[in-house]
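Heads up: the structure comes next, in structure tokens.
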Amino acid sequence: MEENRSFQKSKLKFIEQIRIALSKPLWYKSLFQQSVGKHICYFLILLVLITVIRFVIPCAAYLQSVGGLKNLIYNGIPSFSFENGELQVDTPVDIERNGVRIIIDTSADAYTVEEAQSKAAEMGDGMNIVYMISRTNAVNNISTMTYDLSLMNGITINNDVVYRAAPIYLIFYGIFSFIGNIIAYLISALFFALFGYLMNRALKLNLKFGQIYVIALYAKSVEILLEAVLEVVGISLLYYVGSIIGIFITCNYMTRGMSSMLIPRTGDSDQDQNRRFFQ
């Protein structure tokens with residue numbers, strides 16, 4: 001109890017905020033003693049951590065497994081060049097994964113849609129997609145269009161260009177991944193807040209929607225961390241089971257977090273009890 005009171009009366013550090021968010025939903029009331037800036041900092045740091053788990057660590061691990069970015073670009077993929085609207089690849093490429101097949105063979109002058117459809121039929125039943133790229137064009141089996149590479153005349157791309165551009169691409173991808181995590185987190189928390197608002201009306205708790213939304217943002221901390229870790233593990237069944245468990249944890253934490261708002265704080269007057277963070 002004394003520890004709870006000390007949290008209520010002091011400014012919380014990030015490690016204290018995440019400790020409460022992850023394991024002490026009945027102390028959520030103490031989080032409302034913090035400033036708006038503290039809330040924003042918490043969510044930004046949390047989502048940076050999620051981005052590191054979901055993107056930075058897997059990317060670094062993959063590059064480590066292939067001997068680094070330079071080795072991947074110069075030895076992991078065939079030497080190629082695209083210049084004057086024509087593609088040249090030293091070694092033909094034919095890869096297939098999860099119903100998608102990519103064929104690159106610049107010894108062929110041009111491919112037709114019929115050839116792509118024939119390759120897709122060879123793969124058997126199911127929704128198969130085949131992309132075929134020749135020296136001068138590209139086709140696939142799900143479109144009747146033929147993409148003429150000469151439309152990209154004036155653009156030069158080769159292994160050297162890819163190697164120089166790859167770090168910039170990875171940085172921008174990481175930034176967009178971070179922004180995507182923010183948007184997804186805010187939207188997902190909104191749905192939980194709507195659930196909490198209905199419960200608030202049914203139980204006549206008299207909490208404002210802004211308060212419920214902040215509780216939802218904190219309550220989702222366990223779920224989003226659990227999903228990020230399981231996503232990196234890469235076992236689909238475990239990920240879906242973990243997601244369901246995470247949803248139940250979020251709902252449970254929301255219920256307990258909302259109830260914490262009704263627990264009087266030592267030294268608070270009745271007027272103070274009704275004055276909330278978003279009032």
Quiz item: So, in the stretch 15-35, of the ones that are over 15 Å from Val222 (Cα atoms) and without any contact (Cβ under 8 Å) to a residue 40 or more places away in the chain, which residue ends up surrounded by the most Cβ atoms within 10 Å (Cβ to Cβ)?
Solution: Ser30
Quiz item: Among the residues of the stretch 19-78, how many are more than 24 Å from Arg256 (Cβ to Cβ), over 20 Å from the mean Cα position of the chain (by Cα) and aliphatic (A, V, I, L, M)?
Solution: 5
Quiz item: Within the stretch 83-98, can you find the residues that are surrounded by 14 or more Cβ atoms within 10 Å (Cβ to Cβ) and among the β-branched types (Val, Ile, Thr)?
Solution: Val89, Val93
Quiz prompt | Hits in the stretch 99-149 - residues which are under 13 Å from Gln88 (Cα atoms) and either loosely packed, with under 15 Cβ neighbours inside 10 Å or of a type in the set (D, E, K, R) (or both) | solution = Asp105, Ser107, Asp109, Arg135
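Does Ser107 qualify as being of a type outside the set (Phe, Trp, Tyr), part of a loop (DSSP other than H, G, I, E, B) and in contact with a Pro (Cβ under 8 Å, 6 or more places away or on another chain)? Reasoning before the result, please.
Details: of a type outside the set (Phe, Trp, Tyr): yes; part of a loop (DSSP other than H, G, I, E, B): yes; in contact with a Pro (Cβ under 8 Å, 6 or more places away or on another chain): yes.
Against the criterion (of a type outside the set (Phe, Trp, Tyr), part of a loop (DSSP other than H, G, I, E, B) and in contact with a Pro (Cβ under 8 Å, 6 or more places away or on another chain)), Ser107 qualifies.
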Practice problem: Examine the stretch 155-169 for a residue that is in a loop (DSSP other than H, G, I, E, B) and touching a residue at least 24 places away in the same chain (Cβ under 8 Å), and state whether such a residue exists. | Solution: yes
Exercise. Could you tell me which numbered condition Ala60 fails, if it satisfies all but one of (1) surrounded by 14 or more Cβ atoms within 10 Å (Cβ to Cβ); (2) within 15 Å of Pro167 (Cβ to Cβ); (3) hydrophobic (A, V, I, L, M, F, W, C)?
Key: (1)
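Wholly within the stretch 1-82, which helices (runs of 4 or more DSSP H) include no fewer than the required count, namely at least 2 residues that are modelled with pLDDT under 90? Please lay out each step first, then the result.
On the way: elements: 2-9, 14-23, 28-31, 36-51, 57-65.
Result: 2-9, 14-23, 28-31, 36-51.
The values are calculated or read from the model by the stated rules, or taken from the named source; none is laboratory data. Everything quoted here is computed from the prediction, not taken from an experiment. Every residue, glycine among them, receives a Cβ derived from its backbone with ideal geometry; neighbour counts consider all protein chains shown.
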